[in-house]
Amino acid sequence: MKRRNLGWLSLGSLLSYSAWADMPLNLTQGATEVSRNVYDLHMLVLYICTGIGIIVFGIMFWSMIFHRKSKGAKSASFHESTKIEILWTAIPIVILIAMAVPATSTLIEMEDNSNADVTIQITGSQWKWHYKYFDQGIEYYSVLSTPREQYENHQSNSAIKNEHYLLEVDKPLVIPANKKVRFLMTSDDVIHSWWVPAFAVKQDANPGFINEAWTKVDQPGIYRGQCAELCGKDHGFMPIVVEVKSEADYQNWLIEQQQLIAQSAEAEKASLNSSLAMDELMQLGEQVYLANCAACHQPTGLGLPPAFPALKNSPVATGDINEHIITVFNGRVGTGMQGYGKQLTLKEIAAVVTYERNAWGNNTGDSVQPADVNAAVAK
Amino acid sequence: MTTEVLTEDLSEHNQHHKMTGIKRWLYTTNHKDIGTLYLWFSFIMFLTGGALAMIIRMELFQPGLQIVEPDFFNQLTTVHGLIMVFGAIMPAFTGLANWMLPMMIGAPDMALPRLNNWSFWILPFAFAILIGSFFMESGAPNFGWTFYAPLSTTYSNGSTAFFVFAVHIMGISSIMGAINIVVTIMNLRAPGMTYMKMPLFVWTFFITAYLLIAVMPVLAGVVTMVLTDTYFGTSFFNAAGGGDPVMFQHIFWFFGHPEVYIMILPAFGIVSTTIPTFARKKLFGYSSMVYATASIALLSFIVWAHHMFTTGMPLFGELFFMYCTMLIAVPTGVKVFNWMATMWRGSMTFETPMLFSIAFVILFTIGGFSGLMLALTPVDFQYHDTYFVVAHFHYVLVTGSLFSIYAGAYYWLPKWTGHMYNDVLSKWHFWCSLISVNLLFFPMHFLGLAGMPRRIPDYALQFADFNKWISIGGFAFGLSQLIFLVVVIKCIKGGEKAPAKPWEGAEGLEWTVPSPAPYHTFSTPPKID
Amino acid sequence: MTTKEYESYYVPAHSKWPIVGAFALFLIAFGAGNYVHDLNNNSSGYGGYLLIAGFALIIYMVYGWFSNVINESMAGRYSHQMDNSFRQGMSWFIFSEVMFFAAFFGALLYARQFAVPWLGGAGNNAMTAEVLWPEFTASWPLLKTPDGTETNEMGWYGLPLINTVLLLTSSITAHFAHVALEQNKRSQLKVWMVLTISLGIAFLFFQVQEYGHGYSEEMQLYLTSGIYGNTFYLLTGFHGMHVTLGVIMLTVMFIRILKGHFTPNNHFAFQAASWYWHFVDVVWVMLFIFVYII
Ligand code: HEA
Ligand code: HEA
Ligand code: CUA
Ligand SMILES: [Cu+2]
């Protein structure tokens, strides 16, 4: 197996114009004790299998070379041996036990979710992650931040791709180093799976249930992962970024977040009394739309029927304003359309609704103010 | 040996012995005709599924979305998996069973010939529905061949009902085909052909057929629940109503895991036939091979949750399923060692069937090793749903099942057509396939270890180089398969006349009849000592 | 087994029925797909017609195919060995049916042993209950789902108990019919057959009554009433379908008996039907225990 790898590698590097060094060839050792144990286990099995492979394939190649008819080999007549059968049943069993022991202890360690210092609820939804810090009142969504222009190259004229193309988000999850952090995973719609290789944490987020996992990272830094369970159209576009901060930085971050929350509550209140101009609404609305809605309803507003309805000329987006607001605010249960009330501010909802009512030829001329949104959902 | 079987058909008032034209194929009850139908059907499905894989590989050739939309990509992946599993590999094995089983056990035909025809003809219709859904408004199924709820229920596109009913009738076909195999083997063996005298090929199909009868109905059950959850408001897989999405996975994999052994046990049977032939030495450890096959089949019922280690099962469950899964390496190892011992001190020649068989043993074992790595729960947390898994199952399925089918096809082509295949071309087929298939699937291990999830239409930049090479390997492998098509067509059309027994070391009743095998064989049963 | 038997293993030359059956299944699958799809979109289409056509065709197929088989059998073409093939085929078919029901029983057991307790916080799921379903308490039968749908329990006494008695009795009468056939007591055979079929029909009648009761205002036990209603209706429903099929099979056997078919040692079709009937009965007993009593 080993030799085979090397063969491919040298072949590949001869022909390829970009460097292989970009991609690690082996499993990551990661940044936690658990991930290192997992790595060791991986190497152990890999070595054992390689060893068995060399022996078994070696014997076969030996007979292929020396016991061939063209070399005048005459076939022997033996075809049975209970002794040897028992032997090659027993030896693998011993080897397997040797693997099972460390596997069991690592697994028991991984599944011990007790005594956590920090608890964070992670909720997957199509196609973003929501993080909620228990007892801190902090919660936010984390969405892919790679711009569309970079991944849509149907005419192969896409923009230059960022370094962390498809592995970057607007707001990473922030956790402290050297603390046991417990994750509570769940989902709002389909099954997702939260995976950060460096922590050796991969846990399915099942709708209606909570799964637990934990990590304790020794080094501050930025760690990246991806959703690892097919969750529909944009499964490939819901990355995970975790920023691990030193204890002190983490505390500062918490305080900063609390202040931001207070500020936005202020702003929310203030927005109720504000009145925004049409083009201001449209501009903000377009931003919000492209960031949150375009994945399904498409930048063109044409959607991807029948799964995702068009908003252009849609009876909702051109009809009753209140119904439109409520649809966006509360979503539609049991469909991909989630409620955006939690994710967006009143101002943003007002803006996106205004945008939808006036873009793509939906020329209703309506402009919706934050106060209208507040009034519509209060009913 | 050429006495006629009793063959009048009372209802048709039609005493023609062998019909001609299309009717022959539509109405046939002959196991050889039906075997041929199965084999051609499966090859067409292989090309179809392969064509979908080619689009997948084109899309993944470089980062960015090139030629297909993400949703369509998911449809491609799903239908590729479904077609390859249910349309290519399984029918190919059923085709081989139809052709060879009666000849190997000295029976005049399959036990239930009309049922046999029915089993076959359901398949084209089932796949017409499945593939047809590409052309429906909502598109083909897009939730993976494993159709996890609730992506396949509440959040599925409009064609789920078609998917469900297509799987239902596919299941009917498989169950009836399997019943036929079981009954044929139990009831139609020639006098003297005791169970422990049956060729190993027959044994593996016997056991596989039991697996099929036991698990296909469970698949039918679970798709039925998907149907009612999607359209009739039940909540089997919905926590709000007291159900559980993970329950879907338990029921599905209770079917799904034995299903993967359904796709490998017959392969074991084929290479256990070819290796002794070309090593000119009896199969080593026949009875231990039989017991190993049976153990694999039994164990396969208690390992299903190794596909679900990350779903949040209780620790006890994870340990249980890990240990059971690891145990499967033992009987499988016994098989590998027995093949090794069969070759040892043989007198080997390397005709094309033997080349494919040897490649099978080595590459399947590599796939088995990665399977064992996946079985270790803590490490599976890292491997699960990455290209490492994709590499694993393509090694066991493509270089495993598919290669064994090629080995079997080359081995028996002379018996089927009466002509030898073109040796040079067939060697080209082998070597091109061998090189390209490794270029195609070996680097997938690295991608998975480096962290590339499966079922994604676009990927981060560090995965770009490997994907490019994989795609190139994929195109090369695809093109190499066309050589096989040429070989087969040439072989049917003509070529060197094949003797009754073209392989010096071959054993078995099928070689006692002339090549091509007469339309009816063993109307009077052969004598077995 | 003697060599002679092999010489007469009957291989029909060709038959149009399989392909007709395959096409019928296609119509059923495609029609059902369209029908369900239309139902869901509140649109009307041709799905229902295809479905009906499919069923009509399959009845035609079964009729034609079995007529062939019966003619062949009556003409003495079937050896003892052939009979064996049929028997073994039928028993494995029944085994596959058992596995089909096993999937649903499995769902029932999983739901009550795992899913529902877990939603209520059992095992390592304390947080599931605390964070997601604070209002929910686990119980079986699940009369109030996590999202608050309420329903009532279907007791085991009353109709289900009567039905159990009916079906168990019918299994006994079916057995007596078989004995009578083997002893060549034709008139007794007919009586037992009539009894068996009537008991089967009575069972179905009460089953429909029970469904009516379930769907009544006071019970409010619907197919959509959460996992309890789901498993209840799917299990009893599939069982009911099998009873219906069994009754049809028995009726056909009865007609054949009236026509003078079957002899004490050649009556595979009869035996297949009666096996099927016993199987349906056993499934009911399991149902009665797992769905109704515990
Ligand atoms: C033909 C099909 C086939 C076969 C034969 C196998 C064989 C095995 N498979 Fe595989 N598997 C699949 C098809 C198959 N698999 C598919 C299709 C999937 C993915 C499904 C999906 O998600 O879409 C999958 C996924 C899969 C998973 C889930 C991975 C994940 O999603 O996270 C696991 C985990 O345990 C696994 C394990 C195994 C094991 C232990 C074997 C064993 O049977 C292998 C045994 C063989 C050997 C070990 C080699 C020979 C032995 C020796 C030489 C003896 C000595 C060896 C030792 C003691 C080490 N398989
Ligand atoms: C037995 C089964 C089998 C077989 C034979 C194959 C064969 C191939 N498979 Fe696989 N595959 C699966 C079973 C199989 N597969 C399953 C079960 C999945 C999981 C699905 C899921 O996730 O739900 C999967 C998933 C899967 C993926 C992952 C998709 C994803 O996760 O997004 C990929 C990606 O490369 C892939 C590629 C291939 C390729 C290149 C081949 C090649 O070997 C195919 C070669 C054959 C041909 C190409 C056809 C012959 C040639 C022509 C028709 C002429 C045209 C040729 C050219 C244009 C060059 N397959
Ligand atoms: Cu979320 Cu995949
Ligand atoms: Cu498995």
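Here, each number is a calculation from the coordinates, and none is a lab measurement. These numbers were taken from a predicted model, which means no experiment stands behind them. Cβ coordinates were reconstructed from backbone atoms using ideal geometry, including for glycine residues, and neighbour counts include every protein chain displayed.
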Tell me which aspartates and glutamates have Cα within less than 13 Å of B:Lys490's Cα, excluding those fewer than 8 residues away on the same chain? B:Asp423
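If each residue of separation counts as 0.36 nm, what is the full-extension length gain between A:Ala265 and A:Ala294 once their alpha-carbon separation is subtracted?
Numbers: separation 29, 0.36 × 29 = 10.44 nm, distance 2.68 nm.
The span from A:Ala265 to A:Ala294 would gain 7.8 nm if fully extended.
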Report, as a whole number in µm² per second, the diffusion coefficient that Stokes-Einstein gives for region C:62-145 at 20 °C and 1.002 mPa s using the Kirkwood radius over alpha carbon pairs. 125
Charge dipole of chain B about the Cα centre (unit charges at C-beta), most positive-ward option of B:Trp253, B:Gly233, B:Val202: B:Val202
Stokes-Einstein D (µm²/s) once Rh is taken as the Kirkwood radius of chain A over alpha-carbon pairs, at 37 °C in 0.692 mPa s: 131
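Give me the dipole magnitude in Debye, nearest 20, for region C:84-293 about the Cα centre, with unit charges on the beta carbon: positive for Lys and Arg, negative for Asp and Glu. Numbers along the way, then the final one.
Details: 8 positive and 11 negative charges, 258 e Å.
That gives region C:84-293 a dipole magnitude of about 1240 debye.
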How far apart, in nm, are two points set 7 Å out from the Cα along the Cα-to-Cβ line at C:Ile70 and at C:Val165? 3.6
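Of the DSSP beta bridges with both residues in the protein assembly as shown, give the percent that are antiparallel, rounding to the nearest 5.
Here the share of antiparallel DSSP bridges comes out near 75 percent.
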Note the angle between two axes, namely the Cα long axis of helix A:82-110 and the longest principal axis of the Cα atoms of chain A, as a number of degrees from 0 to 90, rounded to the nearest 10. 30
Could you name the aspartates and glutamates whose alpha carbon sits less than 15 Å from that of A:Lys269, not counting residues in the same chain fewer than 8 places away? A:Glu348, A:Asp372
Region B:384-469 - convex hull of alpha carbons, volume per residue in Å³: 98
For region A:267-372, what are the per-bin percents of Cα-Cα distances with bins 10 Å wide, up to the bin holding the maximum? 16, 53, 27, 3
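Go ahead and run the numbers for FRET between C:Tyr49 and B:Lys23, Cβ-Cβ distance against an R0 of 22 Å, rounding to 0.05.
My answer for the efficiency is 0.20.
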Helix-only mean residue ellipticity at 222 nm for chain C, each DSSP H run of n ≥ 4 adding -39500 (n - 2.57), per residue, nearest 500: -23500 deg cm²/dmol
Mind running the shape call on region A:45-200? Use the C-alpha gyration tensor, a ≥ b ≥ c as the square roots of the eigenvalues: rounded below 1.5 for a/c, prolate if a/b tops b/c, oblate otherwise. oblate
Shape descriptor, chain B: equivalent ellipsoid semi-axes (Cα gyration tensor, sqrt 5λ, whole Å, largest first) stand at 37, 27, 24
Of the residues A:Val242, A:Ser264, A:Tyr223, the Cα lying farthest along the dipole of region A:203-275 towards its positive end, which is defined by charges on the beta carbon of Lys, Arg, Asp and Glu, belongs to A:Ser264
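Classify the protein assembly as shown: rounded, prolate or oblate, from the alpha-carbon gyration tensor (a ≥ b ≥ c, eigenvalue square roots; a/c under 1.5 rounded; otherwise prolate if a/b is larger than b/c)?
Numbers: a/c = 1.88, a/b = 1.30, b/c = 1.45.
In terms of gyration-tensor shape, oblate.
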Which number comes out as Rg/Rh for region C:170-250 once both Rg and the Kirkwood Rh are worked out on C-alpha atoms? 1.17
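Work out the length of the dipole vector of the protein assembly as shown about its Cα centre, built from +1 on the beta-carbon of each Lys and Arg and -1 on the beta-carbon of each Asp and Glu, and round it to the nearest 20 debye.
On the way: 63 positive and 79 negative charges, 1053 e Å.
With only Lys, Arg, Asp and Glu charged at Cβ, the dipole is about 5060 debye.
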In nm, the gap between the two label points placed 7 Å beyond Cα toward Cβ at C:Tyr157 and C:Glu130 is 4.3
How far is helix B:90-105 tilted off the main Cα axis of chain B, in degrees rounded to 10, range 0 to 90? 30
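Which entries in the list A:Lys74/B:Lys527; A:Lys202/C:Lys144; A:Lys161/B:Lys468 go over 28 Å, if you measure between the two C-alpha atoms of each? Display every interim value, and only then the final one.
Values: A:Lys74/B:Lys527 30 Å; A:Lys202/C:Lys144 33 Å; A:Lys161/B:Lys468 17 Å.
From the list (A:Lys74/B:Lys527; A:Lys202/C:Lys144; A:Lys161/B:Lys468), the Cα-Cα distance tops 28 Å for A:Lys74/B:Lys527; A:Lys202/C:Lys144.
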Straight-line reach from A:Lys179: which aspartates and glutamates have a Cα under 14 Å away, not including same-chain ones fewer than 8 places off? A:Glu33, A:Asp117, A:Asp218, A:Glu243, A:Glu247, A:Asp249
What shape does chain C take by its C-alpha gyration tensor, where a ≥ b ≥ c are the square roots of the eigenvalues and a/c under 1.5 counts as rounded, a/b above b/c as prolate, and the rest as oblate? prolate
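Net charge near B:Pro516, counting Lys/Arg +1 and Asp/Glu -1 over other residues with Cβ under 11 Å of its Cβ?
On the way: positive: B:Lys32, B:Lys415, B:Lys497; negative: none.
Charge balance in the 11 Å sphere: +3.
Charges only on Cβ, +1 for Lys and Arg, -1 for Asp and Glu: so what's the dipole of region A:264-379 about the Cα centre, in debye to the nearest 20?
Numbers: 7 positive and 11 negative charges, 65 e Å.
The dipole magnitude comes to about 320 debye.
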For A:Val94 and A:Ser114 in one chain, what is 0.36 nm times their gap in residues minus the Cα-Cα distance, to one decimal in nm? 3.9 nm
To the nearest 0.05, what FRET efficiency results for C:Gln113 and B:Ser295 with a Förster distance of 30 Å applied to their C-beta separation? 0.60
Provide, for q = 0.09, 0.10, 0.19 Å⁻¹, the log10 of I(q)/I(0) from a solvent-free Debye sum over equal Cα point scatterers in region A:118-268. -0.30, -0.37, -1.19
May I ask you to evaluate 6.51 cos²θ - 1.76 cosθ + 1.60, the Karplus curve with θ = phi - 60°, for each residue of region C:123-132 and list the ³J(HN,Hα) values in order in whole Hz, giving x for glycine and proline? x, 8, 10, 3, 5, 4, 5, 5, 8, 9
Specify which residue in the list C:Val208, C:Ile293, C:Gly123 is farthest towards the positive end of the charge dipole of region C:84-293, using unit charges on the beta carbon of Lys, Arg (+1) and Asp, Glu (-1), about the Cα centre. C:Val208
Taking Cα atoms, the helix C:17-41 axis meets the longest principal axis of chain C at an angle in degrees (rounded to 10) of 20
